Amino acid sequence: YKGEMHMKALSRATALKLAAALSFLVGAFNVISSVPFITRGAEAVDSVAGVDTPPFFILILGLILGIVAMVAAYGTWKQRRWGIILTIIVNTVGGISALPGLVIPVPFSPLWWSAVVGVILSILIVVLCLWRGPKPVVAQV
């Protein structure tokens with residue numbers, strides 16, 4: 001391999017740190033963005049749900065998942081098994097709950113973009129949690 005430059009592969013520890021940071025940020029965003037709508041009440045939110053806001057149930061789910069995601073992110077950052085498993089579960093459920101937002105009647109609306117980004121980030125976080133470090137290179141004789 002003379003003269004060749006090899007990119008350093010992403011280690012498992014770094015992948016878990018990235019997953020924890022992203023999961024924490026997504027969780028915090030979910031909590032912060034859902035609270036103003038939840039305080040309006042189910043009737044007020046569901047009467048305009050679809051274009052500007054998701055249904056009330058999704059807001060409640062987002063709040064709960066956001067809180068759990070922030071706790072799980074701590075465990076993932078510390079590379080604890082419970083944190084990694086909980087991060088995978090929370091982001092899988094979050095990604096699945098965002099899927100219906102991809103088929104709303106008004107594509108490219110803020111709600112649609114939120115669903116797209118939510119699904120992509122959920123997939124990325126799960127992949128990072130399942131990341132295995134680079135395999136050691138075996139010297140050939």
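The values are calculated or read from the model by the stated rules, or taken from the named source; none is laboratory data. Keep in mind the model is a prediction, meaning the values are calculated, not measured. Quick reminder, even Gly has a Cβ in these numbers, built from the backbone with ideal geometry, and neighbours come from all protein chains shown. Side chains included, ligands, DNA and RNA excluded: accessible areas come from the protein's heavy atoms. Shrake-Rupley method; radii C 1.70, N 1.55, O 1.52, S 1.80 Å.
Details
- Selection from Val90, Gly118, Gly133 lying farthest towards where the dipole of the chain points positive, charges on Cβ: Gly133
- The range 30-100 - accessible surface per residue (Å², probe 1.4 Å): 57 Å²
- With Cα atoms, 0 to 90° folded angle of helix 81-98 axis to the chain main axis: 50 degrees
- Dividing the helix sum by the residues of the chain, where each DSSP H run of 4 or more adds -39500 (n - 2.57), gives a mean residue ellipticity at 222 nm of -22500 deg cm²/dmol.
- Computed with a 1.4 Å probe on the full set of protein chains, the accessible area for Ile120 sits at about 100 Å².
- Candidates Val35, Val71, Val90: whichever shows maximal mean-square fluctuation once the chain is modelled as a Gaussian network with Cα springs under 10 Å: Val35
- Using a probe radius of 1.4 angstrom, the carbon and sulfur fraction of the accessible surface of the chain is 73%.
- Inter-label distance for Ala42 and Tyr74, nm, one decimal - labels placed 7 Å from Cα along Cα-to-Cβ: 3.1 nm
- Length-normalised contact order of the chain in % [C-alpha pairs under 8 Å, at least 6 apart]: 31 percent
- Degrees, to the nearest 10: 12-38 long Cα axis against longest axis of the chain: 10 degrees
- Calculated Rg and Dmax of the chain using C-alpha coordinates, Å: 18.7, 72
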